[in-house]
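Here the structure is laid out as structure tokens; the discussion comes afterwards.
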């Protein structure tokens, strides 16, 4: 009591709130497990990337050497295939669309089904402020690798400042703040939404089966929004690891020069890490670079380089293409390591996450869909082993998507279509 009035002050996530091993909350509720994706462009070159050794303590080669600081936190999965069956080869679309949706696209612009992040967000992202957060470091709003359905792409944040303001701007409710005041704008939206949902129930009684199916999909979306509004109108649980990043007040320069993309990626990674740590989202996507990345002093962008650069006569690989690839893998290392720097329970934030990283091709010089490399990071709350190299032996790259869905609790018996259909998780990485 202060001055005759009751005052509530929030506390951080103290050890007393956790179980004896600091692996779950005191009441037995497990730490939340999050899911993320990371995308890089134009694959890798097997000759200087693929480890010779399978399993633990795998060897790092020239192109994979940036993984050294994070090798114990990640897995390298090589020699998978994105099967296109009777569909055309869409050079920079087929691979990632297959790996993220399980379905080969039939034409440019064809998004044949929702991507794996959306499926998972419908499972674990319904009660957070953002069902998903998506960002791209390329500076191009068109660079997204997530979509809700055939016609609805997930629009990424492409400005670090805009991304910061979206997450930590006026609508952000600090879980460690001493007081809590519901946002009036959210209250109004919730009130309007409740009215709309009542109208939907009424309309649903008067329409045919096809319209009922459409309304059901719409109604499900509204229910997701309502849960997110409830979260914003409820005082957050204190989270000791939640510390809003330093305010961004200067925009990074536009353009595709490699150092600019790297700078944007670092800023957006730092925002993403704290967005997850503060439980603003449990599903997130990051794209590092596209084919228009430029190397200082080199006349061709990355994509053109893969087509036109000759193999070095002594080294027998494309030297400039490898330069671009190594910048991508340095960015991946920064991304993964950033999540390890946030303590959570008896471990780190990364320990309670599962991140899948994928690309668009196997060998970019011929735009192949075999010899695919994908990667993972995080232990998914103890369900995943790390520090491994797994050989896919030509099996479908969709095994990673299926594994992700099962780890996140999605009720799927099989995932993918035709040659990509599988119910075979990547068992080597499962604990």
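Quick notes on this structure:
- Screening region 374-404 for residues that are more than 15 Å from the chain's Cα centre (by Cα) and in a strand (DSSP E or B) and picking the one that is farthest from residue 90 (Cα to Cα) gives 384.
- Filter pass, residue 360 being modelled with pLDDT of 95 or more, crowded, with 21+ Cβ neighbours inside 10 Å and assigned to a loop (DSSP other than H, G, I, E, B): yes
- Verdict on residue 366 being more than 30 Å from residue 240 (Cα to Cα) and in a loop (DSSP other than H, G, I, E, B): yes
- Only listed residue being more than 26 Å from residue 405 (Cα to Cα), surrounded by fewer than 21 Cβ atoms within 10 Å (Cβ to Cβ) and at pLDDT below 95, chosen from 168, 130: 168
- Test: residue in region 391-401 that is under 19 Å from residue 102 (Cβ atoms), modelled with pLDDT of 95 or more, surrounded by fewer than 16 Cβ atoms within 10 Å (Cβ to Cβ) and touching a helix residue (DSSP H, G or I) at 6+ places or on another chain (Cβ under 8 Å): no
- Given (1) part of a loop (DSSP other than H, G, I, E, B); (2) within 19 Å of the chain's Cα centre (by Cα), index of the condition residue 412 fails: (2)
- Any hit, region 358-373, residues being free of Cβ contacts under 8 Å to residues at least 12 places away in the same chain and over 20 Å from the mean Cα position of the chain (by Cα): yes
- Residue check, residue 248 out of contact with any strand residue (DSSP E or B) (no Cβ under 7 Å at 6 or more places or on another chain), farther than 23 Å from residue 409 by Cβ, surrounded by 20 or more Cβ atoms within 10 Å (Cβ to Cβ) and in contact (Cβ under 8 Å) with a residue 12 or more places away in the chain: no
- Residue 113 falls short on exactly one of the conditions (1) surrounded by fewer than 21 Cβ atoms within 10 Å (Cβ to Cβ); (2) under 18 Å from the mean Cα position of the chain (by Cα); (3) outside any loop (DSSP other than H, G, I, E, B), and that condition is (3).
- As a summary of the residue check, residue 126 satisfies the conditions (1) touching a strand residue (DSSP E or B) at 6+ places or on another chain (Cβ under 9 Å); (2) more than 25 Å from residue 292 (Cβ to Cβ); (3) in contact (Cβ under 8 Å) with a residue 40 or more places away in the chain except for the one numbered (1).
- Selected residue [closer than 21 Å to residue 286 by Cβ and at pLDDT below 95] from 344, 337: 344
- Answer from 311, 315, 350 - the residue that is within 27 Å of residue 97 (Cα to Cα) and either touching a helix residue (DSSP H, G or I) at 6+ places or on another chain (Cβ under 9 Å) or surrounded by fewer than 17 Cβ atoms within 10 Å (Cβ to Cβ) (or both): 350
The values are calculated or read from the model by the stated rules, or taken from the named source; none is laboratory data. Since the model is a prediction, treat every value here as computed from it, not as a measurement. With ideal geometry, Cβ positions are generated from the backbone for all residues, glycine too; neighbour counts draw on all protein chains shown.
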